[in-house]
1. Could you derive backbone 3J(HN,Hα) for the stretch B:90-104 from the dihedral phi with the Karplus parameters 6.51, -1.76 and 1.60 (θ = phi - 60°), listing whole Hz in sequence and x where the residue is Gly or Pro?
2. Just to confirm my numbers, what's the Cα centroid distance between the stretch B:9-39 and the stretch C:139-160 in Å?
3. Given an 8 Å cut-off on Cα distances and at least 6 residues of separation, report the relative contact order of the stretch C:1-112 as a percent.
4. Report, in whole Å, the centroid distance computed from the Cα atoms of the stretch A:191-213 and the stretch D:49-96.
5. Describe numerically, in nm with one decimal, the distance between label points set 7 Å from Cα along Cα→Cβ at C:GLU104 and at B:HIS86.
6. Could you give me D for the protein assembly as shown, from Stokes-Einstein at 20 °C and 1.002 mPa s, where the hydrodynamic radius is the Kirkwood radius over C-alpha pairs? Units µm² s⁻¹, please.
7. Using a Gaussian network for chain D with springs between C-alpha atoms less than 10 Å apart, which of these wobbles most: D:ASN204, D:ASN115, D:ASN42?
8. Can you run phi through the Karplus equation (6.51, -1.76, 1.60; θ = phi - 60°) for the stretch B:20-33 and list ³J(HN,Hα) in whole Hz, with x for Gly and Pro?
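FYI, it's all coordinate maths here, none of it is from the lab. Just so you know, these numbers come straight off a predicted model, no measurement behind them. Neighbour counts are summed over all protein chains in view; Cβ atoms, including those assigned to glycine, are modelled from backbone coordinates with ideal geometry.
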Number of protein chains: 4
Amino acid sequence: MSTALNYGQAFALWRGAAPDWSAYTEHAFVEGLKDGSLPRENFLHYLRQDYVFLIHFSRAWALAAAKSETLAEMQAAAATVHALTHHEMPLHVKICANAGINAEELETTIESTANLAYTRYVLEAGYSGDFLDLMAALAPCVMGYGEIGAELSGSGGPYNDWIETYGGDEYQELCESVGALIDQAILHRLGTDWTKGPRFNQLNKRFATATRLEVDFWQMGLDRS
Amino acid sequence: MSTALNYGQAFALWRGAAPDWSAYTEHAFVEGLKDGSLPRENFLHYLRQDYVFLIHFSRAWALAAAKSETLAEMQAAAATVHALTHHEMPLHVKICANAGINAEELETTIESTANLAYTRYVLEAGYSGDFLDLMAALAPCVMGYGEIGAELSGSGGPYNDWIETYGGDEYQELCESVGALIDQAILHRLGTDWTKGPRFNQLNKRFATATRLEVDFWQMGLDRS
Amino acid sequence: MSTALNYGQAFALWRGAAPDWSAYTEHAFVEGLKDGSLPRENFLHYLRQDYVFLIHFSRAWALAAAKSETLAEMQAAAATVHALTHHEMPLHVKICANAGINAEELETTIESTANLAYTRYVLEAGYSGDFLDLMAALAPCVMGYGEIGAELSGSGGPYNDWIETYGGDEYQELCESVGALIDQAILHRLGTDWTKGPRFNQLNKRFATATRLEVDFWQMGLDRS
Amino acid sequence: MSTALNYGQAFALWRGAAPDWSAYTEHAFVEGLKDGSLPRENFLHYLRQDYVFLIHFSRAWALAAAKSETLAEMQAAAATVHALTHHEMPLHVKICANAGINAEELETTIESTANLAYTRYVLEAGYSGDFLDLMAALAPCVMGYGEIGAELSGSGGPYNDWIETYGGDEYQELCESVGALIDQAILHRLGTDWTKGPRFNQLNKRFATATRLEVDFWQMGLDRS
């Protein structure tokens, strides 16, 4: 992928230390989105699970607002929750409706184990830890989709709408602002020498585990499990 | 006060069962706001503490979003956090600036014990309990200010701006919608017979304790403690 | 299984409503323990993961102590955490050592997805919900092992020690006392008519999801995944 | 006080940075315990509130067990919760009974604001933060009583039993082991240079706030408020 992406310093370090990063961003599911070979029923299975995912993802950002230590952090997290619950989720309902999945079907989706593993891992990281634990666990999702979108942008094909949602300017700017939020939050809590203490490894591990769970999430889409 | 206020059924029950409700809504501090006899320095002391209060109040609403069980709950809580962090708090900073308290002074306010007792009680209720525990602990603040605003509206005097903020239509509608949110959340979790089980007493107790802490908060304003 | 087991009324209801209960208690892994056909390497894989599981299981019981509302609840939860951390876990280390897995290997076990899904589901249920959410999420593990132990007791074979740990009197009494604790906690919070309100379905769902994750856990042992 | 007390390095730093430390350990209530001049009714008021305090104090240590990151931390926290719920609290009930306060009276004690402020501050620190936030918030109570006990030991008088409970070897050893636990936990999470990062000031602030709330707690005993 392009090295021009500017999602911040912490993300760059975490990404570099996560063994499964390319297994995630270059997963067969992603390749199938790119060349259009992904069967539609797999995409629909993914969409349904992704709706359930978004519920818990929004809850995790709300928890980040609750665990904020500055007004700027609180505002950033609150804006994200607001955007997710008032725009992303209704949009998701609409996209699913267009794809033939009605709202009732969405609401009654049985959460797959891969979904449950990922979302509860993130939420528990947030409840047990602090704002940084949440950020390290949320970053693979936020920024990984940004990288994938940027990489696939322009591919066209049946999944073009999905691709350009994440490859477009708006989402890319979101990734940059979340990256800046994370760098600022680390500076505020751990200071400039943060990579020298044990917290660095702990956050690396959070990010790496969440990345592994993203791989499982794509695989769930492929297996329709 | 007027019985015309329509803040929902649960609130009406909780209010009726809280021994200190009138000690709160008719506190000497409130009387001083009404007739303008409250010394300005007491009002400024209150304003500074109220800014710190708003930080934790926003965090509590964010926690409510994290503990939501329906999209409607999540949207309502998220909208509240967003409004608090993007409008109320900046407005508060501006009001304080007009009153001669600059942003730095606000940020370095030492949290009074009454403030700390109240905000941590609410947050801990939320962390230890569920969405309803949070609502019962937040309701005295939200709706009590609504009642006070409605009661004092039209009094004029030096505190007219403050009074009309809470007595005005916008805030009154907020109280009505929070009341509806609470009634709906109770129905969703406890069903129609909820007043017959032990949870009714537990929630009554939450509301009553938060009301008592509101009394202490006004007293802190009066004592400048 | 024998209907003589007396693990309380709530457990009996939850068990009856969980679609995957027999898929869990009669899983191929369990059959392999019973007739001794389970390959040793699968058992060792399970043991390693079970050690990681016990860490989070202990944390969940500690959270239950933090979310207790009576001294009796707090004492019961505290005694369980104490027994887990001072007896079960050291015993597990010893069993693993006898099986050729040293302490360092145990500590560096990479948590499987099935393990992570289950433990974080339980902990998040506890953080987001209350004592009852925790109990409903913990019960399938506590009581399921009790049922399996009682069912397999006397089978002999290579896994006899494991079997008799759960089939023996001490563990059976633990299941009975946890069952009584749960019934008492429900009575305290929801009253006698608790099966008539929406909370009944929510707790059923918690128990059923945890049961499903137990099935995945056995399958992980079988697949060494 | 004697400089011979060995409650660890973090405690020594936190204590040195807390403006109200001597206002706490040399409070008029403490002086009254020492010279026996404290009216008995004030002591009984304190005892009743202290029972309620112990409930939440135990919950906070249980939360510490849930937020532990090593087996040693979990064992230490679990042992503390167990001792509190199985020995301290029953002992407290007995002491109160001897002082003429029966169990029912104890259970129906109305929590004072000072009590509520302190306990909820500690619990919220734990829920919002991590193990270290909890330790910094709990340390003033644990070690402050140790210092007071050591200082007052040998005074005799009507409060001798209370004094020697905290001045005795058993409690002094507890303080030393909690001090070692804290130092170890900091090393594990923040490394050797921890006093150079922003976390140092955050933990100082936690400790200082909890110390201030201890002063309020003694004052509550004096005022019977």
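1. Once rounded to whole Hz, the list reads x, 4, 4, 4, 5, 4, 5, 4, 4, 8, x, 9, 7, 4, 5.
2. Using only Cα atoms, the two centres lie 60 Å from each other.
3. Numbers: 48 pairs, mean separation 26.3, N = 112.
This gives 23 percent for the stretch C:1-112.
4. Computed from Cα coordinates, the inter-centre distance equals 31 Å.
5. 5.4 nm
6. Numbers: Rh = 29.0 Å.
Diffusion coefficient, whole number: 74 µm²/s.
7. Maximum among the listed residues: D:ASN42.
8. 3J(HN,Hα) across the stretch B:20-33, in whole Hz: 9, 4, 6, 4, 7, 6, 10, 4, 3, 4, 5, 4, x, 5.
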